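Peer 1: Would you mind keeping the following structure in view while I ask a few things?
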Amino acid sequence: MHVRIKKAFGFTNDRGEKITAPRGWIGDLPDQHAKAAIESGHAVLGNPQVLPEGEPGPAEDDLGDKTRAELEALAKERGVDVSAAKNKAEVIAALRAA
């Protein structure tokens with residue numbers, strides 16, 4: 001199912017891997033996960049070509065351009081706990097979700 005993530009949504013895929021779809025991500029999720037994300041308010045049905053007015057797109061911030069160390073410093077400054085983040089993408093997802 002094609003969805004647009006409004007706030008970070010985590011789930012475990014069929015292979016047992018933990019996945020986090022970051023805020024602003026648009027794409028296909030397995031139906032069961034897409035329905036759970038929509039029901040919990042983390043996502044809406046999405047069209048990759050259209051974003052509602054006033055809502056930021058996935059690349060409107062420069063978090064992806066920063067190093068993990070810079071992201072962790074920013075998280076500390078903002079009071080966001082990223083101690084459980086295993087990689088840069090998870091640090092970014094936590095910052096965007098906060």
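Read the figures in this text as sums done on the coordinates, not as results from a lab. Given the structure is predicted, the values throughout are model-derived calculations rather than measurements. FYI the Cβ positions are ideal-geometry reconstructions off the backbone, even for glycines, and counts take in every protein chain you see.
Peer 1: According to a simple spin-label model (label point 7 Å from Cα along Cα-to-Cβ), what is the distance in nm between LEU74 and ASN13?
Peer 2: For ASN13 paired with LEU74, the spin-label model returns 2.5 nm.
Peer 1: May I pose another question? Under the rule of -39500 (n - 2.57) per DSSP H run of 4 or more residues, summed and divided by the residues of the chain, what mean residue ellipticity at 222 nm is obtained, to the nearest 500 deg cm²/dmol?
Peer 2: -9000 deg cm²/dmol
Peer 1: Also, quick follow-up: With a/c under 1.5 counting as rounded, go ahead and sort the chain into rounded, prolate or oblate using the C-alpha gyration tensor (a ≥ b ≥ c being the square roots of the eigenvalues; past the cut-off, prolate if a/b is larger than b/c, else oblate).
Peer 2: Oblate, because a/c is 1.5 or more while a/b does not exceed b/c.
Peer 1: Over the chain, what is the percentage of antiparallel beta bridges among all DSSP beta bridges, to the nearest 5?
Peer 2: Close to 100 percent.
Peer 1: Under a point-charge model restricted to the Cβ atoms of Lys and Arg (+1) and Asp and Glu (-1), what is the dipole moment magnitude of the chain relative to its Cα centre, in debye to the nearest 20?
Peer 2: The dipole of the chain has a size of about 240 debye.
Peer 1: Extension gain ASP81-ALA98, at 0.36 nm per residue separation less the Cα-Cα distance, in nm?
Peer 2: 5.2 nm
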